Amino acid sequence: MAAAAAAAALERWKEASPRRRRSAARHPRRREAAALARTLRAEPEVDSRVVLRRIREAGEDLLSSDFWSSALETINTCLRKHLEQLKAPVGTLSEAFASLHLDSSPDESDVAPGSISEATLAPGACHLKCVCYGIGNFATCVIARNQLAFLLLFLEKCQIPRSHCWIYDPLFSQIEITVLNSLGVVVLSENEEGKRSVCGEPTVFYMLHCGTALYNNLLWSNWAVDALSKLVIIGNSFRGLGERLLTRILQKNYPYIAKILEGLEELAFPQTSQYVDVFNDTSVHWFPVQKLTQLSTDTWAFREEPDYEDCEDLEIIRSKTEEPSATD
């Protein structure tokens, strides 16, 4: 299917009559997630048109649900504060989002997949980007498909061009990569293991149900007040990680998460029975400068790159440069 046709199909979400569907999958334990994904990937590939239709239907269901409006307001609450911190022109919420919009002549559907638009920022606008890690096999998994549908709606609502959204999962099948390209998002070709610096640009990281090491790597890559203050992370609750893991395990294996718990604000996603397995344990995190600057100088002096050599049950897939035995 041509990229323009696929993008046009997704743009008709709001015009379609919403149909309610029940979530049909249970969220697997994290230890079983990689094995389950490999099994799903081995199934016969479905036609890309079927995948696009299912994504569209998932989006329709989200738009018609009470969860969508509640979850969006949760994100909005954090983004308001984040935008204020970045000194973006914030009046009403709609004005704040309007300031994120990129002025460009071509329609979003006309942008070649994987390319960056030649758009220029409006004066005083905030250049917001998005990175998505670990969304899973959305062609065959209903949980992953709902998470992708949410991401696409979020991009639309915040006026972030899809060409300014980077996405990666080491388990993507070729048909899933093709579908994502047709949707206009940028599929990364290498496993970054979450080690991506924001390079001074405000960035939302969408990382639902990811391994703890992935969040720890992201923090390490941006371990400075200026960089962390430009991050928003939508993913597993950091507060929940601090409560579930033994303090000594958190400090030894995931030191950057342990050190940042006092330097962030977190707001939990609402929970409803319809999406309890899709967005459970999900929070929006942002990092107020005032809190970051109150952390000790020793906190910022520690900059060792995580290696996880003695970490049991590592919940991420390492890059191919790592030993194959460290994949789970």
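Of note:
Yes/no per residue for (1) touching a Lys or Arg at 6+ places or on another chain (Cβ under 7 Å); (2) acidic (Asp, Glu); (3) in a strand (DSSP E or B); (4) closer than 22 Å to Glu265 by Cβ:
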{"site": "Phe138", "(1), (2), (3), (4)": "yes, no, no, no"}
{"site": "Phe150", "(1), (2), (3), (4)": "no, no, no, yes"}
{"site": "Tyr215", "(1), (2), (3), (4)": "no, no, no, yes"}
{"site": "Trp223", "(1), (2), (3), (4)": "yes, no, no, yes"}
{"site": "Asp226", "(1), (2), (3), (4)": "no, yes, no, yes"}
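- Restricting attention to segment 25-55, the residues that are modelled with pLDDT of 50 or more, surrounded by fewer than 18 Cβ atoms within 10 Å (Cβ to Cβ) and among the charged types (D, E, K, R) add up to 4.
- Hits in segment 192-211 - residues which are in contact with a helix residue (DSSP H, G or I) (Cβ under 6 Å, 6 or more places away or on another chain) and of a type in the set (Val, Ile, Thr): Val198
- Single residue of segment 282-305 satisfying the filter (outside any strand (DSSP E or B) and of a type in the set (Val, Ile, Thr)) that is surrounded by the fewest Cβ atoms within 10 Å (Cβ to Cβ): Thr297
- Just one residue in the set Glu309, Glu243, Glu266, Glu262 is assigned to a loop (DSSP other than H, G, I, E, B) and not polar (S, T, N, Q); that residue is Glu309.
- Looking across segment 261-288, the residues that are out of contact with any helix residue (DSSP H, G or I) (no Cβ under 6 Å at 6 or more places or on another chain) and among the aliphatic types (A, V, I, L, M) come down to Leu264, Ala268, Val276.
This table checks each residue for (1) within 29 Å of Ile177 (Cα to Cα); (2) at pLDDT 50 or above; (3) within 18 Å of the chain's Cα centre (by Cα); (4) not aromatic (Phe, Trp, Tyr).
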position	(1), (2), (3), (4)
Pro89	no, no, no, yes
Gly114	yes, no, yes, yes
Gly124	no, no, no, yes
Cys132	yes, yes, yes, yes
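- Among the residues listed as Ala149, Ala144, the single one being under 23 Å from Asn76 (Cβ atoms), crowded, with 24+ Cβ neighbours inside 10 Å and of a type in the set (A, V, I, L, M, F, W, C): Ala149
- For segment 152-184, the set of residues classified as in contact (Cβ under 8 Å) with a residue 40 or more places away in the chain and either assigned to a loop (DSSP other than H, G, I, E, B) or among the acidic types (Asp, Glu) (or both) consists of Cys158, Gln159, Ile160, Pro161, Pro170, Leu171, Ser173, Glu176, Gly184, listed by residue number.
- So Val198, is it part of a strand (DSSP E or B) and either in contact with a Cys (Cβ under 7 Å, 6 or more places away or on another chain) or farther than 17 Å from Cys141 by Cβ (or both): no
- Pairs meeting the criteria (first residue in segment 303-314 and touching a residue at least 40 places away in the same chain (Cβ under 8 Å), second residue of a type in the set (Phe, Trp, Tyr), beta carbons under 8 Å, at least 6 apart or on different chains) are Arg303/Trp220; Arg303/Trp223; Glu305/Trp220; Pro306/Trp220; Pro306/Tyr254; Pro306/Tyr256; Leu314/Tyr308.
- Residue count, segment 207-259 (criterion: among the basic types (Lys, Arg) and over 15 Å from Thr282 (Cα atoms)): 4
- Among (1) surrounded by fewer than 21 Cβ atoms within 10 Å (Cβ to Cβ); (2) over 22 Å from His82 (Cα atoms), the one test that Val185 misses: (1)
- Among the criteria (1) closer than 26 Å to Leu83 by Cβ; (2) without any contact (Cβ under 8 Å) to a residue 60 or more places away in the chain; (3) crowded, with 18+ Cβ neighbours inside 10 Å, the one Cys199 does not fulfil is (3).
- Residue in segment 159-168 that is more than 23 Å from Cys141 (Cβ to Cβ) and β-branched (Val, Ile, Thr) present: yes
The values are calculated or read from the model by the stated rules, or taken from the named source; none is laboratory data. What you see is a predicted model, and the numbers here were worked out from it, not measured in a lab. So basically every Cβ, Gly included, is an ideal-geometry build from the backbone, and we count neighbours across all protein chains shown.
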